[in-house]
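Everything below concerns the one structure shown next.
The values are calculated or read from the model by the stated rules, or taken from the named source; none is laboratory data. The model shown is predicted, which means the values in this text are computed figures rather than measured ones. Every residue, glycine among them, receives a Cβ derived from its backbone with ideal geometry; neighbour counts consider all protein chains shown. Quick note on the areas: whole protein, heavy atoms, side chains included, nothing else; ligands and nucleic acids left out. Shrake-Rupley method; radii C 1.70, N 1.55, O 1.52, S 1.80 Å.
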Amino acid sequence: MLNVALPKGRLGEKVYAMFEKAGFPCPSIKENNRKLIFENEQAGVRYFWVKPSDVAIYVERGAADIGVAGKDILLEYKPDVYELLDLNLGKCRMAVAAKAGFRDDNRRTLRVATKFSNIAANHYLSKGRDIDIIHLNGSIEIAPILGLSDVIVDIVETGTTLKENNLEVIETIVPISARLISNKASLKFKSEQIENLRRELMKGMEKDD
Ligand code: PRP
């Protein structure tokens with residue numbers, strides 16, 4: 001049985017559709033209920049819906065053999081897992097943004113509000129820029145508006161949230177997308193199943209192109 005942690009939500013539904021196409025269907029997952037675990041013994045697969053930011057924890061600790069996590073989470077938390085495939089879903093970018101017209105003053109410590117403190121710290125460390133990180137858990141865009149920070153480091157997808165709050169991207173740090181990840185021991189002991197899944201997912205993606 002292959003245990004798969006899927007990110008709950010819209011991205012997860014797209015991911016499940018890819019897995020179904022790849023030969024790992026589990027029809028009961030489409031039933032409209034609040035269950036979180038679904039199993040198809042015949043196909044040898046068990047799916048769990050977990051919070052997107054928790055997928056890597058389940059996989060790292062072996063509660064799931066594989067899962068799908070955003071590159072943002074992998075870069076931020078550096079879980080000890082293998083990254084097997086870029087699924088080309090959930091595409092967005094990690095960016096620095098500020099109020100329209102913002103100019104950085106190098107003589108001052110830059111105040112950076114973010115959910116992604118490690119990504120932000122590494123980014124500014126590589127530039128040698130002195131910063132003060134203000135860790136927030138959501139609605140990051142409010143910080144520069146209220147004067148809590150000078151800039152934010154956050155995910156930008158369509159850019160609508162920034163635009164509607166009169167903020168603009170100053171620089172892109174890294175492109176982000178959903179990745180297939182595997183527990184390290186599982187890749188040894190269930191290598192055939194996992195390799196087969198990866199191959200079939202790749203085939204499905206080629207057909208879509
Ligand atoms: C993410 C991100 C931005 C928004 C970007 O927020 O933090 O706020 O999406 O999307 P856009 O460019 O298409 O407008 P999320 O919905 O995950 O909520 P939170 O960060 O406020 O928790």
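Take the Cα radius of gyration of the stretch 127-206 and divide it by 2.2 N^0.38 Å, N being the number of residues; the result is 1.69. Using just its DSSP H runs of length 4 or more, each adding -39500 (n - 2.57), the chain gives a mean residue ellipticity at 222 nm of -9500 deg cm²/dmol after division by all residues.
Taking a straight Cα-Cα cut-off under 18 Å and skipping sequence neighbours fewer than 8 places away in the same chain, the aspartates and glutamates within cross-link reach of K207 are E20, D86. At q = 0.09, 0.12, 0.19, 0.20 Å⁻¹, work out log10 I(q)/I(0) for the stretch 1-123 with the Debye formula, treating every Cα as an identical point scatterer and leaving solvent out; two decimals please. Calculated log10 I(q)/I(0) at the listed q: -0.34, -0.54, -1.05, -1.13. For the chain, the relative contact order is 28 percent, taking Cα pairs closer than 8 Å that sit 6 or more residues apart in sequence and dividing their mean separation by the residue count.
For the stretch 146-209, carbon and sulfur atoms together expose 49% of the accessible surface, with a 1.4 angstrom probe and every protein chain in place.
Hey, got a sec? Which GluC sites (Glu not before Pro) in the stretch 146-204 land in a DSSP loop and have at most 12 other Cβ atoms within 10 Å? Sparse-neighbourhood loop GluC sites (Glu not before Pro): E157. Sparse packing (at most 15 other Cβ atoms within 10 Å of the Cβ) combined with a DSSP loop state is found for the following trypsin sites (Lys or Arg not before Pro) in the stretch 111-163: R129.
With respect to the cross-link table entries K71/K99; K14/K35; K115/K184; K14/K78, which display a Cα-Cα separation exceeding 22 Å? In this structure, K71/K99; K115/K184; K14/K78 lie more than 22 Å apart at Cα.
Once backbone amide H atoms are built at 1.01 Å from N, R179 has A69, G70, K71, L87 as its partners under 5 Å, excluding neighbours fewer than 5 places away on the same chain. Among G101, T158, A121, which residue has its Cα positioned farthest towards the positive end of the charge dipole of the stretch 56-209, with +1 placed on the Cβ of Lys and Arg, -1 on the Cβ of Asp and Glu, and the dipole taken about the Cα centre? The Cα lying farthest towards the positive end belongs to A121.
Using Cβ point charges alone (K and R +1, D and E -1), the dipole size of the stretch 53-206 about the Cα centre works out to roughly 220 debye. Applying the Karplus relation 6.51 cos²θ - 1.76 cosθ + 1.60 with θ = phi - 60° to the stretch 157-173 yields 3J(HN,Hα) values of 10, 8, x, 5, 4, 4, 4, 6, 10, 6, 10, 9, 6, 9, 7, 8, 8 Hz, where x marks Gly and Pro.
Over the chain, accessible surface divided per residue gives 56 Å², non-protein components excluded, 1.4 Å probe. With all pairs of separate Cα atoms included, the chain yields a Kirkwood hydrodynamic radius of 18.6 Å.
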